Amino acid sequence: MQNKNNVVTLFKKIQHLFSDLNHTHITERFHLTEQALWASETSLNAILRYSPALISVKDLNGNVVLASDHFNLMANIDDTGFVGKNVFDVYPKDVAQSMWDIDIATKTNQQNYEVELDLMHKDGSMHTYLIMKFPLRNKENKIFGICTIGTDISERKLAENALREQQSRLNYMAFHDSLTSLPNRSLFYDRIYHGLARSRRSNSKIALILLDIDRFKNINDSLGHDAGDLLLKAFAGRLSEGVRDMDTVARLGGDEFVVVLECLHSIEDIVLVANKLLTNLARPIDINGHDISTTVSMGISIFPDDGMDTDELLKNADVAMYKAKEAGKNNYQFYTKGMNATAVNYLLLENDLRRALEQEQLILHYQPQIDLYTGNLMGVEALVRWQHPVRGLISPAHFIPLAEETGLIVPIGEWVLREACRQQKRWLVAGKYVGKVAVNLSPRQFRQKNFPGKVETILREAQLGPEHLELEITESCAMEHAGETINQLNQLNKMGLYLSIDDFGTGYSSLAYLQRFPIQKLKIDRSFVNDIHDDSNDATIAKTIIGLAHSMKLRVVAEGVETQYQAEWLRVQGCDQAQGFLYAKPMSAKLFDSYFHNGRFCFDGMPAPLDDCKVSA
Ligand code: C2E
Ligand code: MG
Ligand code: MG
């Protein structure tokens, strides 16, 4: 019995112990669970409160059951928050609809979705959010809601956009010229490559017009690079205006442009465009208040006649362009098979000219200027020639334009000035008085800022007084930037130099400016002397120039006097001096010296009334 009691007691004890133990366990578990719940709720609250993300959970009806505080930044959510509402309650219809659609898809397809949406903040700023949606499942794996997490990716987007823009800018820059925005050489090659392919298929022609601005270097040197750049830009605009949208205008570099005309059926089409371009480009361009007139030389090659690929077409257009330059600029030339030799010659000449100075191949000839009344030698004009080792004596008319274009005129001009001064000194030392020695200045040389300083140095080196030197600038050079011309001439005049305007009558003089130039002499261009008889137009012009010069108290010299009749006519009109083959051709200093007899120079062919060939005092 006791045993039985003992057993019962033991059992009860065990039962009690057990029940006590069970109770402790359950309480403990409850407590733990409660703690875990509390912890997770606290964490969730912290997350919802402080997360910089849009976090929300919706039930299956689309109603928001919880939402992060970040939603309060949204323009459409008021102080009562997002919880208890659905997307249609707060977002604009289009945004709400796309949110809703994705919610439905998330629910129906039971999968995650990602979408980018632009949402507005209360401060009016637009932000891009990366919205992720995923279904929430209970223990039985049944969907009970949808969780949305939206991250503000605006900054990343901005950076991406900036990068994309930069890439497309780089891309653009790789294929366009930065100054004119025209396609560059690479894009030109690409376009013409495709153009040639189209042409082969359609049996049509392509014309390649290569253009080079005449004397562009002059503009750059005289007006500065900024003005040069403005000119190139304006020029590019004019070029583009002159062609159809389908044609390509590209800048190959420097002042060299190319126009590609596609789908041509006749040469007339090309002539039409080329003429239009010539006219378009010849209109003066206003650069910083200066009206700059430029002209172009164009060379044209045609596919398939003049070449089967881009390089050949370019090369031949280049050849034709040199031909256009040679033909006096401001024109176009079609490539023809016979052209190669001439163009190559021109290029060779350029290379040779670079060496001409070093190898002392330049020489000066001197042409006398005679007083029409007394027959006295009043001065000499120094004229440069190129003693080419293979081609013989080359006239300045042939290489001065090339020297101008290449910039070689500056060192060449300096050499001429130095040599003329040295020769004048030799004559003076030898007691041979030739009057003033006149030196021609190129526009480029004259426009150099330090030009007066250079003249001063050269005179000093030659130990020559300024009264023995005369400088000639052409009328067109003088008038081109008349304001600058006045300054430069004033400086030279103050130094005591004698200044004259050459080739007068060929340019467009403004009398207002002419009066302000501190000059002493006008030289009538020989084209007006050629055909003077009493009722010719040239005679009227020559008379007018003589009258004008005298009214301005200037000496007047007629150039290119070849006949006795011309000399007499000019003398009667009151022209002061003459220069021309009638008296003497330009000659070397040595030959010049051979005309020196008995203390004076005496030239062949002196006009009859001037038989007394005295050297002027
Ligand atoms: P320019 O200064 O007007 O020189 C006169 C030109 O007329 C010279 O040609 C001369 O030989 C030519 N001439 C003189 N009398 C007669 C004549 O009676 N009949 C004909 N038909 N021609 C005559 P050239 O020496 O060939 O020079 C041509 C041009 O080259 C010069 O014209 C001048 O503008 C330029 N030039 C010559 N030397 C220099 C130089 O050292 N520097 C620069 N910048 N230009 C120069
Ligand atoms: Mg001259
Ligand atoms: Mg002249």
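The values are calculated or read from the model by the stated rules, or taken from the named source; none is laboratory data. Nothing here was measured: the structure is a model prediction, and the numbers come from that model. All Cβ positions, glycine included, derive from the backbone under ideal geometry; neighbour counts span all protein chains shown. We work out accessible area using only protein heavy atoms, side chains counted, and drop any ligands, DNA or RNA first. Shrake-Rupley method; radii C 1.70, N 1.55, O 1.52, S 1.80 Å.
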Check your understanding: About the Cα centre of segment 360-601, what is the dipole size in debye to 20, counting +1 per Lys and Arg Cβ and -1 per Asp and Glu Cβ, all else neutral?
Key -> 880
Practice item. Report P(r) for segment 246-370: all Cα-Cα distances, bin width 10 Å, range 0 to the bin holding the largest distance, values in whole percent. Key: 11, 34, 29, 18, 7, 2, 0
Practice item. Report the convex hull volume per residue for segment 176-337, counting only C-alpha atoms, in Å³. Key: 99
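On full extension of the chain, what length is gained from Ile153 through Gln97, given 0.36 nm per residue of separation minus the C-alpha to C-alpha distance?
Separation in residues times 0.36 nm, less the Cα-Cα distance, equals 18.0 nm.
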Review point. Nearest-5 percent of antiparallel DSSP beta bridges in segment 235-331?
Key: 90
Exercise for review: Report, by chain and number, residues whose modeled amide H sits under 5 Å from the one on Met587, excluding near sequence neighbours (fewer than 5 apart, same chain).
Suggested key: Tyr366, Gln367
Exercise for review: Per residue of segment 562-567, in order, report the coupling 6.51 cos²θ - 1.76 cosθ + 1.60 (Karplus, θ = phi - 60°) as ³J(HN,Hα) in whole Hz, putting x for Gly and Pro.
Suggested key: 10, 10, 4, 4, 4, 4
Revision key, fill the gap. Per-residue accessible area, 1.4 Å probe, largest first, puts Lys315, Lys139 in the order Lys139, Lys315
Practice item. Could you please report the charge total around Ala420, scoring K, R as +1 and D, E as -1 over all other residues with beta-carbon less than 14 angstrom from its beta-carbon? Key: +1
Point to revise | With DNA, RNA and ligands ignored, accessible area of Thr151 (1.4 Å probe; Å², nearest 10) | key: 60
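Does segment 360-601 come out rounded, prolate or oblate, given a ≥ b ≥ c as the square roots of the eigenvalues of its C-alpha gyration tensor, rounded meaning a/c under 1.5 and, failing that, prolate meaning a/b above b/c?
On the way: a/c = 1.40, a/b = 1.13, b/c = 1.24.
Rounded, since a/c falls under 1.5.
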**Study point:** For segment 476-535 versus segment 166-211, the gap between their alpha-carbon centres in whole angstrom
**Key:** 46
**Study point:** Accessible area (Å², 1.4 Å probe, nearest 10) - Phe30
**Key:** 140
Revision key, fill the gap. Taking Lys and Arg as +1 and Asp and Glu as -1, residues besides Thr151 with C-beta under 14 Å from its C-beta add up to -2
**Study point:** Projected label distance in nm at Asp269 and Leu163, using a 7 Å step from Cα toward the beta-carbon
**Key:** 4.6
Review point. Reachable lysines from Lys315, Cα under 27 Å, same-chain residues fewer than 8 places away excluded?
Key: Lys205, Lys217, Lys233, Lys276, Lys323, Lys325, Lys329, Lys337
Practice item. Treat each spin label as a single point 7 Å out from the Cα along the C-beta direction, and report the Gln463 to Asn171 distance in nm. Key: 7.3
Check your understanding: If you plug each phi of segment 225-230 into the Karplus form 6.51 cos²θ - 1.76 cosθ + 1.60 with θ = phi - 60°, what whole-Hz ³J(HN,Hα) values come out, in order, with x for Gly and Pro?
Key -> 5, 4, 5, x, 5, 4
Check your understanding: What net charge is computed for the residues neighbouring Phe235, neighbours being all others with C-beta under 14 Å from the C-beta of Phe235, Lys and Arg scored +1, Asp and Glu -1?
Key -> -3
Check your understanding: Once phi is turned into θ = phi - 60°, what whole-Hz ³J(HN,Hα) does the Karplus curve with 6.51, -1.76 and 1.60 give for every residue of segment 523-531, x standing for Gly and Pro?
Key -> 10, 5, 4, 5, 5, 8, 8, 3, 10
Check your understanding: Would you list Tyr373, Tyr129 from the most to the least accessible area, probe 1.4 Å?
Key -> Tyr373, Tyr129
Study note, to complete from the structure: Cα extents of segment 198-241 per principal axis, largest first, Å, are 48, 18, 11
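Taking the DSSP beta bridges in the chain as the whole, what percent of them are antiparallel, to the nearest 5?
Counting only bridges with both partners in the chain, antiparallel ones make up about 70 percent.
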Revision key, fill the gap. For segment 360-601 the mean separation of alpha carbon contacts under 8 Å (6+ apart) over residue count, i.e. relative contact order in percent, is 20
Revision key, fill the gap. A chain fully extended from Asp226 to Lys585 at 0.36 nm per residue, minus the present Cα-Cα distance, gains in nm 124.9 nm
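Averaged over every viewing direction, what's the projected area of the C-alpha convex hull for the chain? Give it in nm², one decimal, please.
Here the figure is 53.9 nm², rounded to one decimal.
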Check your understanding: Just how much of Thr279 is accessible, in Å², when a 1.4 Å probe is used and the result is rounded to the nearest 10?
Key -> 90
Practice item. Obtain the nm distance between the two label points defined at Thr540 and Tyr513 by a simple spin-label model: each point lies 7 Å from its Cα along the Cα-to-C-beta direction. Key: 2.5
Review point. At what distance in angstrom do the alpha carbon centres of segment 358-433 and segment 113-158 lie from each other?
Key: 86
Exercise for review: Subtracting the Cα-Cα distance from 0.36 nm times the residue separation, let me have the gained length for Ala282 to His398 in nm, one decimal.
Suggested key: 39.4 nm
Review point. Taking the Cα centre of the chain as the origin and placing charges on Cβ (Lys, Arg +1; Asp, Glu -1), which of Gln566, Thr151, Gln367 is farthest toward the positive end of the dipole?
Key: Thr151
**Study point:** Dipole magnitude of segment 51-156 about its Cα centre (Cβ charges: Lys, Arg +1; Asp, Glu -1), debye to nearest 20
**Key:** 500
Check your understanding: So how strong a dipole does segment 176-337 carry about its Cα centre when Lys and Arg Cβ are +1 and Asp and Glu Cβ are -1, to the nearest 20 debye?
Key -> 300
Revision key, fill the gap. Of Met246, Met479, ordered by accessible area with the largest first and a 1.4 Å probe, the sequence is Met246, Met479
